[in-house]
Amino acid sequence: MRMGYNRRGFTLIETTITMFVLAVVAAIGAPRLSSVLRHRTTGNAADQFVSTHALARATAIRYGRVAQLHIDAGSQRFWIDVDTSATGVGQRATIWYVRDLSESGLSMTSDRALLCFDAWGLPATTGSCEPGNVTVIFADHEKADTVRTAALGKVLR
């Protein structure tokens, strides 16, 4: 007859050692993970701008009218609007939503404030519209992502 008992669970020493090893691994990896996440924030903002740029071109083609991509670097926002009236009388509507980066801790700079696309999706310079080549920089303390477009509106990232 065998005497003894089945031990289930972990001892306090085993748990303490495991927690210590996990704390050391987290302390080593946390700064790198933080840096990667910060870089991804600037990358996300750049991706949003590229998507908005493409949507502005597609909106101009869909409505057959000039679509405007507003870039307000001072308030860290960008958005699209287009004349959505059937008669073209100037009833402007915002397409999708205004992207506001002011609470993300990023800075945004741009050498253009208003890009316009005609009914064929090409950059237009009528009225207050500026040339289609733009440089937009999204930055935080350590990283920056830049989006450039060519004069004909192609994104050169």
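The values are calculated or read from the model by the stated rules, or taken from the named source; none is laboratory data. Predicted model only: the values in this text are computed from it and were never measured. Glycine also receives a Cβ, built like all others from the backbone with ideal geometry; neighbour counts cover every protein chain displayed.
Numbers below:
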| read-out | value |
| --- | --- |
| Tally of residues being farther than 22 Å from M108 by Cβ and loosely packed, with under 15 Cβ neighbours inside 10 Å across segment 59-83 | 2 |
| Residue tally, condition among the acidic types (D, E) and not in a strand (DSSP E or B), over segment 100-157 | 5 |
| Condition broken by W96, with the remaining ones in (1) more than 15 Å from A58 (Cβ to Cβ); (2) exposed (fewer than 15 other Cβ atoms within 10 Å of the Cβ); (3) at pLDDT below 95 satisfied | (1) |
| Extreme residue, nearest to the chain's Cα centre (by Cα), among residues of segment 100-127 that are of a type in the set (D, E, K, R) and surrounded by fewer than 17 Cβ atoms within 10 Å (Cβ to Cβ) | D100 |
